[in-house]
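Colleague: My questions will all concern the structure given below.
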Amino acid sequence: EKAIQDYLHSQGEQIVYAYARYAQQNGVPQRPGYLQESMPILRRDLIALISDLLGGDKNAFYRARNEEDPEVKAALDRLTSDDWRPTK
């Protein structure tokens, strides 16, 4: 699973462009502005989905997706610090 994710991460934005080409070849019109705007989300979710399908671990999708989610990272940082604890 880790090797799959490492490989997919090494592909950079090309994984999203390949997916967009596939979609376009199957009748989905491409809108480059939206593609660029959504690039981080699409890349994160494609890596998570492919890791889940190829890795065999049913939690691979959530693990891969959450590792790249800035809100999840911020929440974990907060929970592992003393910032969240009540003062009284």
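The values are calculated or read from the model by the stated rules, or taken from the named source; none is laboratory data. Here the structure is a predicted model, which means the values were calculated and not measured. All Cβ positions, glycine included, derive from the backbone under ideal geometry; neighbour counts span all protein chains shown.
Colleague: Every residue in segment 29-61 that is of a type in the set (Gly, Ala, Ser) and under 16 Å from the mean Cα position of the chain (by Cα), please. Show your work before the answer.
Modeller: Step one: filter segment 29-61 for residues of a type in the set (Gly, Ala, Ser), giving 33, 38, 48, 51, 55-56, 60.
Residues satisfying the conditions are Ser38, Ala48, Ser51, Gly55, Ala60.
Colleague: Still on this model: Inspect segment 40-47 for any residue being free of Cβ contacts under 8 Å to residues at least 12 places away in the same chain and exposed (fewer than 11 other Cβ atoms within 10 Å of the Cβ) and give the result as yes or no.
Modeller: no
Colleague: Consider Ala18 against the criteria (1) within 10 Å of the chain's Cα centre (by Cα); (2) modelled with pLDDT of 85 or more: it satisfies all of them except one. Which criterion is unmet?
Modeller: So the condition that Ala18 fails would be (1).
Colleague: Now for a different question. Does segment 15-73 hold any residues that are assigned to a helix (DSSP H, G or I), under 26 Å from Lys2 (Cβ atoms) and among the charged types (D, E, K, R), and which are they?
Modeller: At the first step, the residues of segment 15-73 found to be assigned to a helix (DSSP H, G or I) are 15-25, 32-37, 39-55, 60-67, 70-73.
Then drop every residue that is not under 26 Å from Lys2 (Cβ atoms), which leaves 15-19, 22, 39-55, 60-67, 70-73.
Residues satisfying the conditions are Arg43, Arg44, Asp45, Asp52, Arg63, Arg65, Glu67, Glu71, Lys73.
Colleague: Residue check, Gln25 against (1) out of contact with any Phe, Trp or Tyr (no Cβ under 6 Å at 6 or more places or on another chain); (2) surrounded by 13 or more Cβ atoms within 10 Å (Cβ to Cβ), all met but one. Which one?
Modeller: Of everything listed in (1) out of contact with any Phe, Trp or Tyr (no Cβ under 6 Å at 6 or more places or on another chain); (2) surrounded by 13 or more Cβ atoms within 10 Å (Cβ to Cβ), Gln25 misses just condition (2).
Colleague: Quick test of your reading of the structure: Ser51 fulfils all but one of (1) modelled with pLDDT under 95; (2) surrounded by fewer than 15 Cβ atoms within 10 Å (Cβ to Cβ); (3) among the hydroxyl-bearing types (Ser, Thr, Tyr). Name the failing condition by number.
Modeller: (2)
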